[in-house]
Amino acid sequence: MAAEESQYLLAHRTSDAYLRVQNKKLYLATFAAVLGPLSFGFVLGYSSPAIPELRKIDNPKLRLDSNQASWFGSIVTLGAAAGGILGGYLVDKIGRKLSLMLCSIPFVSGYIVIISAQNVWMLYFGRILTGLASGITSLVVPVYISEISHTDVRGMLGSFVQLMVVTGILGAYIAGLTLKWHWLAVLCSFPPCVMLLFMLFMPETPRFLLDQKKRAEAIAALQFLRGPYVDHEWECRQIEANVEEEGLSLFEFKNPSIYRPLLIGVILMFLQQVTGINAVMFYAETIFEDANFQDSRMASVVVGFIQVCFTAVAALIIDKTGRKVLLYVSGFALGWGPVPWLVMSEIFPLKARGVSSSACVLTNWVMAFLVTKEFHDFIGFLTSYGTFWLFSAFCCLSVTFAAFYVPETKGRTLEQIEAYFRKS
């Protein structure tokens, strides 16, 4: 009873603490960060309009056959898997902000290689570089946003990650209606440059600063993010109470407070990809061509537009409905797109956040590679009907897992979520 009473008082105190918060600069910092997922979305969407054009190009050294086209679409996920590993190291060593700023280098470099490509291998290399940046981004941005946000808006702001991904995909589809593949690559290189410029003026997260024993900088970051009328010292003390001084050892993965959230995160990422969504988004135009649509490019744009609309709905309602409800009732854009990334950013203890997030991102992108690379083989072996029935079966399994194993994190601070796993 005493523990429950303590939790109630803490939740009540947390709610009161943010009554006078000013969110304008928090929203600005979030906007700067989600330019990364926007860039990542352009990478994912680029292959859909580019592949049909590259399969018909006059230059025989750049022309893609069906096998090369599948590699061009899927090889970005291998780069992203490597980026997930690298991002897990960077986010703990150099911080969330600097890791995100460094992403702009492989983003822009990758597009430069694609634009100047003289053969298919250069196209592959450019895609790997943009994939590397996407993998780092997909790990760092959810962590950055969850650590700068307060409980009242953390779900909404965390959902903006997936919203900007699908916005980037839609942007690539729309731009692909009028731009040739090389000019489309030029356009795709702009968002990471803007992200670098904005992030120069944004703070590092208070949790990382406190972990680095930089208390004065952490207070300054909280003042920037919350405004002047909030008790920054109180929030700082709440974070400090959960900042672990010692590093993470392999032996500690026997601790349920570390391995349970890790398993939940990894399985969520596995299930997100085996719904088949990336196969649909990477090859949208090709799928509609095979289905004899009169205007396959416009059909792809409609799919992208629907994704953006429903992901926006998820962002608006997620802090009211909770995470699990959306996993139960949705299709992809409303729940299984944004929620796994949000939950990943919330459930890991601070000292295991880099390693655990890296494992989740690696799982996500390895599965994305397998699904996108083998998609056409699945269709050849199972037929298109059997392939999509298989994806449907995994959707049913996903709902079952969410019901029994995924905790509800709505309205809890990151410290309360960490305490929940320690106690259970």
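The numbers here are math on the coordinates, done by the rules we state, and not lab data. Note that the structure is predicted; figures quoted are calculated from it, not measured. We place every Cβ from the backbone using ideal geometry, glycine too, and count neighbours over all the protein chains shown.
Fewest neighbouring Cβ atoms within 10 Å first, the residues Arg96, Arg297 line up as Arg297, Arg96. For the residue pairs Lys324/Lys423; Lys24/Lys93; Lys254/Lys351; Lys213/Lys410, alpha carbon separations beyond 23 Å are given by Lys24/Lys93; Lys213/Lys410. Debye-formula intensities of the chain, expressed as log10 I(q)/I(0) at q = 0.06, 0.08 Å⁻¹, are -0.24, -0.42 (one equal scatterer per alpha-carbon, no solvent). The calculated 222 nm mean residue ellipticity attributable to helices in the chain amounts to -25500 deg cm²/dmol, summing -39500 (n - 2.57) over DSSP H runs of n ≥ 4 and dividing by all residues. Once you have all Cα-Cα distances for the range 354-424, histogram them in 10 Å bins from zero and send the whole-percent values. Bins of 10 Å from zero give 16, 30, 31, 16, 7 percent of pairs.
A dipole drawn for the range 329-424 from +1 and -1 charges on Cβ atoms has a positive end, and of Tyr420, Ser330, Tyr405 the residue lying farthest that way is Tyr420. The Cβ shell under 11 Å around Asp319 holds other residues with a net charge of +3, Lys and Arg each +1, Asp and Glu each -1. Here the range 78-170 is treated with +1 on each Lys and Arg Cβ and -1 on each Asp and Glu Cβ, and its dipole about the Cα centre works out to around 120 debye. Of the residues Ile258, Ala291, Thr151, the one whose Cα sits farthest toward the positive end of the charge dipole of the chain, with +1 on the Cβ of Lys and Arg and -1 on the Cβ of Asp and Glu, is Thr151. Residue exposure proxy: Phe378, Phe404, ordered by other Cβ atoms within 10 angstrom of their Cβ from fewest to most, comes out as Phe404, Phe378. Could you work out which residue, out of Gly380, Gly155, Gly276, moves most in a Gaussian network model of the chain, that is, has the largest mean-square fluctuation with Cα springs under 10 Å? Top of the fluctuation ranking is Gly380.
Along its principal axes, the range 250-389 has C-alpha extents of 56, 36, 22 angstrom, given from the largest down.
Distances between placed amide hydrogens fall under 5 Å for Ala117 paired with no residue 5 or more residues away or on another chain.
In debye, nearest 20: dipole of the chain around its Cα centre with unit charges on the Cβ of K, R (+) and D, E (-)?
Computed charge dipole of the chain: roughly 360 debye.
Given +1 at the Cβ of Lys and Arg, -1 at the Cβ of Asp and Glu and no other charges, the dipole of the range 339-424 around its Cα centre is 320 debye to the nearest 20. The range 142-184 and the range 116-141 have Cα centres separated by 18 Å.
Listed by chain and number, the lysines whose alpha-carbon sits under 19 Å from that of Lys25, ignoring those within fewer than 8 places in the same chain, are Lys97.
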